[in-house]
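Below you'll find the structure, written out as structure tokens, and then a few comments.
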Number of protein chains: 6
Amino acid sequence: MNENLFKYKTTVIRREHFNAAHRLENSAWDGSRNRDVFGKCNNVNYHGHNYELEVMVTGFVDPLTGFVMDAKVLSDLINSEVLDKFDHQNLNVDVEEFQDLNPTAENIAFVIYSILRSKINSNHDLKIRLYETPRNYVEYPA
Amino acid sequence: MNENLFKYKTTVIRREHFNAAHRLENSAWDGSRNRDVFGKCNNVNYHGHNYELEVMVTGFVDPLTGFVMDAKVLSDLINSEVLDKFDHQNLNVDVEEFQDLNPTAENIAFVIYSILRSKINSNHDLKIRLYETPRNYVEYPA
Amino acid sequence: MNENLFKYKTTVIRREHFNAAHRLENSAWDGSRNRDVFGKCNNVNYHGHNYELEVMVTGFVDPLTGFVMDAKVLSDLINSEVLDKFDHQNLNVDVEEFQDLNPTAENIAFVIYSILRSKINSNHDLKIRLYETPRNYVEYPA
Amino acid sequence: MNENLFKYKTTVIRREHFNAAHRLENSAWDGSRNRDVFGKCNNVNYHGHNYELEVMVTGFVDPLTGFVMDAKVLSDLINSEVLDKFDHQNLNVDVEEFQDLNPTAENIAFVIYSILRSKINSNHDLKIRLYETPRNYVEYPA
Amino acid sequence: MNENLFKYKTTVIRREHFNAAHRLENSAWDGSRNRDVFGKCNNVNYHGHNYELEVMVTGFVDPLTGFVMDAKVLSDLINSEVLDKFDHQNLNVDVEEFQDLNPTAENIAFVIYSILRSKINSNHDLKIRLYETPRNYVEYPA
Amino acid sequence: MNENLFKYKTTVIRREHFNAAHRLENSAWDGSRNRDVFGKCNNVNYHGHNYELEVMVTGFVDPLTGFVMDAKVLSDLINSEVLDKFDHQNLNVDVEEFQDLNPTAENIAFVIYSILRSKINSNHDLKIRLYETPRNYVEYPA
């Protein structure tokens with residue numbers, strides 16, 4: 001195979017799963033305003049989700065392996081850096097990054113991006129897609 | 001259409017969704033045994049799931065409507081009797097039925113069955129299928 | 001392989017897809033009662049669905065082939081007997097079986113069962129699962 | 001949380017469902033040419049689909065809420081502006097926008113985009129993904 | 001919780017995934033007859049699938065745990081007894097059970113049932129659902 | 001309809017399915033290095049997958065048809081140019097393009113792109129999304 005065959009970059013995507021409890025709250029607001037803005041998602045005793053996480057890595061294919069990045073390596077990285085911290089946890093209580101950050105899907109995606117960005121080859125682009133439910137999801141960066 | 005066309009009963013299934021926090025614990029056991037048995041699911045600060053709920057109603061088709069039971073009526077019933085109590089809640093803390101009952105998928109399915117059984121035509125059979133995650137689910141009665 | 005290895009029957013399932021327009025109506029009722037009972041599904045100009053159809057055939061595995069029934073043969077049968085008549089049609093107008101039968105999911109499943117029953121080995125059991133939407137489906141026989 | 005944490009915009013996606021009847025036809029062509037071009041989709045009595053609609057809104061996260069746009073608000077907007085007009089309808093007959101416009105998936109996506117564009121914060125980008133079947137879908141703008 | 005609350009058994013289902021190569025062939029037949037019966041599935045160089053496996057265990061809920069069987073224990077069992085032998089293998093060549101058995105979905109399901117039956121509590125019923133493709137699957141016992 | 005209504009291009013996507021055997025190997029490396037890099041995917045007797053293929057075509061909508069490209073024409077093209085060559089085959093052995101090219105998902109996507117690029121209107125953009133498993137997929141061009 002000839003490296004030059006590929007004119008464009010390829011994206012490789014690995015999907016993983018974790019579940020967690022959370023509640024939405026702006027700690028600078030009083031309870032009434034929090035309930036107005038966040039509704040049921042502000043429930044003081046938490047609710048939870050099965051999050052589906054897609055990590056998308058974009059770069060040129062390595063002609064020696066035929067991989068942008070080995071999906072097994074990517075999966076192991078997501079497991080050790082993200083799932084071990086988030087899975088079966090209460091995001092507000094148990095996860096350091098959300099001590100002062102409201103765990104909306106947008107913010108969770110941003111945190112995962114920030115964790116993984118330094119662990120992925122800097123020549124590669126990184127994007128996070130996070131499903132909070134099958135009908136609500138976010139992508140960062142857009 | 002002639003009622004006699006149908007020799008057998010038909011099952012009608014409505015799928016609904018709710019999300020909730022929970023933790024697994026036998027309150028008669030100490031923390032060590034609970035952690036041994038329930039592992040990450042025993043996390044004291046709760047975790048959570050997007051539950052997918054299928055309610056299956058079996059009976060003869062009414063020749064006037066062509067329905068065993070109107071799926072819209074079934075959906076409204078599930079919403080008022082189950083989802084309004086469970087959705088965006090902490091099952092252990094917020095839902096009366098789990099004050100003394102460990103909210104495993106098996107027990108949640110049993111509770112939903114018990115709630116709906118009295119609201120469904122007694123000539124109809126009822127079965128609950130509950131997905132805790134896309135890879136773990138239960139059916140009651142078997 | 002020894003035929004006696006199998007103590008029990010096996011079920012083989014083939015999933016196919018068709019889409020169609022329909023409206024729900026009991027022609028013996030006036031418009032007002034039809035609207036009361038069938039709501040939006042009674043819209044005089046029709047609406048439609050992507051139906052997902054599962055045909056389930058149960059019997060003993062043939063030790064010569066390892067098949068209960070070849071899934072390719074089953075797929076061809078569903079295509080020629082059901083999809084060629086139903087796909088991209090208006091069930092109320094274009095399909096003979098619904099000239100006097102309200103095309104509810106229950107009744108469509110019954111009609112498909114009746115069409116296929118005589119085409120499938122009489123030693124085999126037959127069951128139809130029909131999804132009208134991803135959240136509404138029926139099974140016949142129960 | 002510090003607003004500056006986010007260097008990039010985030011996309012928030014809400015998925016909704018409607019079903020409808022339609023037929024494909026260029027009213028400037030005769031029946032023969034319409035059948036040649038549109039095949040089964042030109043069936044004069046209509047056929048139908050379960051449409052899955054994803055509305056994608058891109059912008060900067062509001063540091064007060066952690067949202068680009070509240071998914072509940074987005075869902076309500078899609079329901080009031082799109083689903084109330086399209087769900088359980090015959091697109092060709094019942095929906096004003098398709099009186100002179102062939103209801104292909106491409107054109108339906110364009111119409112939904114046009115309806116929602118003026119209702120969404122003009123600082124936000126908008127994109128529509130519309131599934132006509134699980135195997136055919138479109139995105140507008142590309 | 002009172003054990004007597006449950007009048008019926010509950011089924012617990014765990015879904016796992018493996019992928020494998022196979023070809024369909026009756027070694028007692030010549031090539032011509034094998035090609036006639038098995039078509040493309042008889043390709044001498046093999047083809048392959050992502051198999052989705054559901055293991056269904058039915059029994060009474062243990063009131064101490066709220067489980068019929070811990071899904072984690074069931075998952076570990078499927079991994080050690082089935083996936084470690086089947087995943088990323090050529091079923092015809094690498095897996096002992098198919099040396100003299102045609103690896104149809106029916107026969108694979110039977111083999112998995114036979115492997116797991118002796119490892120599961122004998123008071124529990126066991127059923128295997130195996131997806132060869134999203135549109136072809138089998139269940140054993142029926 | 002007025003062509004000028006559309007300011008932007010639209011993407012049309014068609015999803016198809018094939019299954020195949022493969023193994024990953026760099027023929028310039030010895031067995032030990034191949035096993036180190038490719039792990040189970042290097043199994044000498046092959047394994048296999050159900051590949052889900054999405055072909056994405058981007059262009060302006062033709063105001064006469066309301067199509068960017070007729071999904072039926074696109075489906076026929078994918079079937080004749082790709083599926084007839086790949087489906088139920090051993091990619092390493094049976095498919096000419098992989099005689100000297102490691103059949104990773106990245107390389108398969110590139111090959112499919114190369115096959116289809118010359119068959120699609122050159123004014124249209126083309127993109128391939130290929131699922132090797134439900135949790136591993138690639139896109140080319142990124």
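With a 1.4 Å probe on protein heavy atoms only, tell me which residues of segment C:46-68 lose at least 50 Å² of accessible surface in the complex relative to the chain by itself. At a threshold of 50 Å² (probe 1.4 Å), the residues of segment C:46-68 that become less exposed are C:His47, C:Asn50, C:Leu64, C:Thr65, C:Phe67. Only helices enter the 222 nm calculation for chain B: every DSSP H run of n ≥ 4 contributes -39,500 (n - 2.57), and dividing by all residues gives -6500 deg cm²/dmol, rounded to 500. Distance from the alpha carbon centroid of segment A:58-73 to that of segment B:50-70 works out to 50 angstrom. Rounded to the nearest 10 square angstrom, C:Asp70 shows an accessible area of 40 square angstrom against a 1.4 Å probe.
How many Å² of accessible surface get buried when B and E come together, counting both sides, probe radius 1.4 Å, rounded to the nearest 100? Each step should come with its number before you reach the end.
Details: alone 8500 and 8510 Å², together 15000 Å².
So the buried area, both faces added, is about 2000 Å².
Residue by residue, segment E:41-58 carries 3J(HN,Hα) couplings of 6, 8, 2, 5, 8, 6, 9, x, 8, 8, 7, 9, 10, 10, 10, 10, 10, 10 Hz when phi is fed to the Karplus relation 6.51 cos²θ - 1.76 cosθ + 1.60 (θ = phi - 60°); x denotes Gly or Pro.
Would you list A:Glu52, D:Glu97 from the most to the least accessible area, probe 1.4 Å? Don't skip to the end; give the middle numbers.
Numbers: A:Glu52 20, D:Glu97 55 Å².
Largest accessible area first, the list is D:Glu97, A:Glu52.
In the context of the full set of protein chains, chain A has a per residue accessible area of 40 Å² (1.4 Å probe). With the Cα gyration tensor of the protein assembly as shown giving a ≥ b ≥ c as the square roots of its eigenvalues, does the rule (a/c under 1.5 for rounded; else a/b larger than b/c for prolate; else oblate) give rounded, prolate or oblate? Verdict is rounded for the protein assembly as shown. About its Cα centre, the dipole of segment F:3-140 is roughly 380 debye, where the only charges are +1 on Lys and Arg Cβ and -1 on Asp and Glu Cβ. Summary for C:Tyr8: label point 7 Å along Cα→Cβ; distances to the equivalent points in the other copies, ascending, 1.8, 1.8, 4.9, 5.0, 5.3 nm.
Could you work out the relative contact order of segment C:26-108, using alpha carbon pairs under 8 angstrom and six or more residues apart, expressed as a whole percent? Display every interim value, and only then the final one.
Values: 25 pairs, mean separation 10.9, N = 83.
Reported relative contact order: 13 percent.
Sorted from nearest, the other copies put their A:Lys40 label points 1.9, 2.6, 3.8, 3.9, 4.4 nm away, the label point being 7 Å from Cα in the direction of Cβ. Nearest-to-axis residue in chain D, judged by Cβ distance to the rotation axis that brings D onto C and given in whole Å, is D:Gly48, 0. Among rounded, prolate and oblate, which fits chain F when a ≥ b ≥ c are the square roots of the eigenvalues of its C-alpha gyration tensor, a/c under 1.5 means rounded, and a/b larger than b/c means prolate? The shape class here is prolate. Ordered from largest to smallest accessible area (heavy atoms of protein chains, 1.4 Å probe), the residues F:Lys7, D:Lys119 come out as F:Lys7, D:Lys119. Are there any residues in segment A:83-119 with a reduction of at least 50 Å² in accessible surface when going from the isolated chain to the assembly of protein chains? Probe 1.4 Å, please list them by number. Residues losing area: A:His88, A:Glu106, A:Phe110. Using heavy atoms of the protein chains and a probe of 1.4 Å, the accessible area assigned to F:Arg33 is about 110 Å². F:Thr10 contributes about 0 Å² of solvent-accessible surface, heavy atoms of the protein only, 1.4 Å probe.
Round to a whole angstrom and tell me the spacing of the C-alpha centers of segment A:95-116 and segment E:113-127. If you average the Cα positions of each part, the centres end up 43 Å apart.
Using 31 Å as the Cα-Cα cut-off, could you pick out the over-long pairs in A:Lys119/F:Lys119; A:Lys127/B:Lys40; A:Lys72/E:Lys72; C:Lys9/C:Lys72; C:Lys9/C:Lys119; A:Lys119/E:Lys127? All intermediate terms of the calculation are to be shown ahead of the outcome.
On the way: A:Lys119/F:Lys119 40 Å; A:Lys127/B:Lys40 28 Å; A:Lys72/E:Lys72 22 Å; C:Lys9/C:Lys72 20 Å; C:Lys9/C:Lys119 20 Å; A:Lys119/E:Lys127 43 Å.
Beyond 31 Å: A:Lys119/F:Lys119; A:Lys119/E:Lys127.
Assuming charge only on the beta carbon of Lys and Arg (+1) and of Asp and Glu (-1), the dipole of the protein assembly as shown about its Cα centre is about 0 debye to the nearest 20. Measuring nothing but how far apart in sequence close Cα pairs (under 8 Å, 6+ apart) lie, relative to its length, chain E scores a relative contact order of 30 percent.
Note on the protein assembly as shown: with neighbouring protein chains present and a 1.4 Å probe, carbon and sulfur make up 45 percent of its accessible heavy-atom surface.
State whether segment B:59-103 is rounded, prolate or oblate according to the following rule on the C-alpha gyration tensor (a ≥ b ≥ c being the square roots of its eigenvalues): a/c under 1.5 gives rounded; otherwise a/b larger than b/c gives prolate, and the remaining case gives oblate. It is prolate, given that a/c is not under 1.5 and a/b is the larger ratio. The residues neighbouring E:Leu130, those whose beta-carbon lies less than 10 Å from its own, together hold a net charge of -4 under the Lys/Arg +1, Asp/Glu -1 convention.
The values are calculated or read from the model by the stated rules, or taken from the named source; none is laboratory data. These figures come from a predicted structure and were not determined experimentally. So basically every Cβ, Gly included, is an ideal-geometry build from the backbone, and we count neighbours across all protein chains shown. Just the protein is used for accessible areas: all its heavy atoms, side chains included, with ligands, DNA and RNA removed. Shrake-Rupley method; radii C 1.70, N 1.55, O 1.52, S 1.80 Å.
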